[in-house]
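Participant: Supplied in structure tokens, the structure appears directly below.
Read-outs throughout are calculated quantities, based only on the coordinates presented, and are distinct from any laboratory measurement. No experiment lies behind these values; they were computed from the predicted model shown. Every residue, glycine as well, gets a Cβ built from its backbone with ideal geometry; the counts of neighbours run over all protein chains shown.
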Amino acid sequence: MTEAILALAQAGDGEAFRELVDPHRRELQAHCYRILGSVQDAEDVLQEVLLAAWRSIGRFDGRSLRGWLFRIATNRCLNFLRGESRRPRPVVLPDGGQGVPDDPWWLEPYPGDLDDLVPGPEARYDARESIALSFVAGLQHLPPQQRAVLVLRDVLGFPAAEAAEILGTTRAAVNSALLRARAGLPPGARPQDVPVPRTAAEAAVVDRFVSAFQRFDLAELVALLTDDARLTMPPEPTDYRGAEAVARFILQFHQGQEMKLLPTRANGQPALVLYLPDPHARLWRLCGLIVLTLRGEQVRGLVRFTGSSLSASFGFPRTLPRG
């Protein structure tokens, strides 16, 4: 940031404003996503953040543009969470009772990787750990203020004093909230099977999984899954655990139908875009996305997502020609 560009932005120059904020845009979106757990909600809030920043750039004191933008973003996220849209949604259980799914029903996958984002010196998680699907899901179990503090301190590495300024509170309050957040983070949310940069070994495991899935090879799927493998399908309360149970559910759910699986990445992890045949036309229709968590040469976790937003978020067409 230069004083000349800032002066132009404060005088109402839109191009200068974009030059100031664009380098922070992706980091701000990821910040909103971690707190909210939804790509669509994060993008909506980010638009509010940029509009608020544009309207108030004339009052920016010039000290820390990044800290100023994160203050706006964090408080917009907290305002969003004060609504009822993030309260646990009851689900009807088979016995007629009610419960709440372990994973947040609003959880959505984040397209791509974040390896280019460099955390601050006080961060406890690196970029790959902090975008892992299990970590983002775990954050959603924390109260909003604790969630924001943990992301600011342990993910982004803001010093306690700066985090307190961003949140409009005291350093002591930040330190207290951080201790409670660390203690309250579910054990499964602490990244164990951390996504790794793309490797030939990873690609080989994914290829074996795709082959076994498309051939409906139960024995091969079971061999590829760890003993503690788990499959979930937000927003449904579906939760299968164990290699045999997960493999059988996958095969029974698709009942031998033809499919197309295309590789991509979500939350820094290998993922597969699922297309199924249209019953009325020679087309493949986008049906969902499966995010894989690997452990060595096996698959430990599968999270399956559905929804029209996947097409826009991941850049895959809704339909493909079927030869």
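Participant: Give the range of the longest stretch in the chain that excludes all GluC sites (Glu not before Pro) found in loop regions by DSSP and having at most 13 other beta-carbon atoms within 10 Å.
Facilitator: With a cap of 13 other Cβ atoms within 10 Å, the longest stretch comes to 1-257.
Participant: Where does the chain land at 222 nm, in deg cm²/dmol rounded to the nearest 500, when only DSSP H runs of n ≥ 4 count, each adding -39500 (n - 2.57), divided by all residues?
Facilitator: Result for the chain: -14000 deg cm²/dmol, rounded to the nearest 500.
Participant: Report the net charge of residues surrounding residue 61, where surrounding means a beta-carbon distance below 15 angstrom and charges are Lys +1, Arg +1, Asp -1, Glu -1.
Facilitator: +1
Participant: Would you kindly derive the ³J(HN,Hα) couplings of the range 229-239 from the backbone phi angles with the Karplus curve 6.51 cos²θ - 1.76 cosθ + 1.60 (θ = phi - 60°), listing them in order in whole Hz, with x for Gly and Pro?
Facilitator: With coefficients 6.51, -1.76 and 1.60, one gets 4, 9, 10, 10, 9, x, x, 6, x, 4, 8 Hz.
Participant: Evaluate the distance, in nm, between pseudo-label points positioned 7 Å from the Cα of residue 204 and of residue 322 along their respective Cα→Cβ axes.
Facilitator: 3.4 nm
Participant: Moving on to the next point. With a 10 Å cut-off between alpha carbons and a GNM built on the chain, which of 20, 139, 231 moves the most?
Facilitator: 20
Participant: What spacing in nm lies between the two simple spin-label points modelled at residue 44 and residue 18, each 7 Å away from Cα in the Cβ direction?
Facilitator: 2.5 nm
Participant: Related question: So which residue, out of 281, 212, 123, gets the largest mean-square fluctuation from a GNM of the chain using Cα contacts under 10 Å as springs?
Facilitator: Its mean-square fluctuation being the largest, the pick is 281.
Participant: Bin width 5 Å, origin at 0, all Cα-Cα pairs of the range 200-321: what percent of pairs per bin?
Facilitator: Bins of 5 Å from zero give 2, 11, 21, 25, 22, 13, 5, 1, 0 percent of pairs.
Participant: Multiplying the sequence separation of residue 60 and residue 173 by 0.36 nm and subtracting their Cα-Cα distance, what value in nm do you get?
Facilitator: Result: 38.2 nm gained on full extension.
Participant: A further question follows. So how tilted is helix 171-184 from the main axis of the chain? Cα-based, degrees 0 to 90, rounded to 10.
Facilitator: For 171-184 against the chain, the angle is about 10 degrees.
Participant: Also, quick follow-up: Calculate the tail of P(r) for the range 242-304: the fraction of all Cα-Cα distances greater than 18 Å, expressed in %.
Facilitator: Above the 18 Å cut-off, the range 242-304 has 43 percent of its Cα pairs.
Participant: Shifting gears a bit: Could you give the C-alpha radius of gyration of the chain expressed as a fraction of 2.2 N^0.38 Å, taking N as the number of residues it contains?
Facilitator: 1.08
Participant: Report the net charge of residues surrounding residue 278, where surrounding means a beta-carbon distance below 13 angstrom and charges are Lys +1, Arg +1, Asp -1, Glu -1.
Facilitator: Once all neighbours under 13 Å are counted, the net charge is +4.
Participant: Just grab the label-to-label distance for residue 52 and residue 223, each label 7 Å out from Cα along the Cβ direction, in nm (one decimal).
Facilitator: Rounded to a tenth, the inter-label distance reads 5.4 nm.
Participant: Using a Gaussian network model of the chain whose springs link C-alpha atoms within less than 10 Å, name the residue from 46, 81, 36 with the highest mean-square fluctuation.
Facilitator: In this elastic network of the chain, the residue with the biggest mean-square fluctuation among 46, 81, 36 is 81.
Participant: I need the phi-derived Karplus couplings for the range 38-49: 6.51 cos²θ - 1.76 cosθ + 1.60, θ = phi - 60°, integer Hz, Gly and Pro marked x.
Facilitator: Here the 3J(HN,Hα) series is 10, 5, 5, 5, 4, 5, 4, 5, 4, 4, 5, 4 Hz.
Participant: Based on other C-beta atoms within 10 Å, arrange 131, 5, 35 from fewest to most.
Facilitator: 5, 131, 35
Participant: Could I ask something else about it? Go through the range 153-161 residue by residue and turn each phi into a ³J(HN,Hα) via Karplus (6.51, -1.76, 1.60, θ = phi - 60°); whole Hz please, and just put x for glycine and proline.
Facilitator: Working through the residues one at a time gives 7, 8, 9, 8, x, 5, x, 4, 5 Hz.
Participant: Could you calculate the contour length gain from residue 238 to residue 116, that is, 0.36 nm times the residue separation minus the distance between their Cα atoms, to one decimal place in nm?
Facilitator: 40.5 nm
Participant: With r as the distance between the Cβ atoms of residue 7 and residue 106 and R0 = 51 Å, compute the FRET efficiency 1/(1 + (r/R0)^6) and round to 0.05.
Facilitator: It comes to 0.80.
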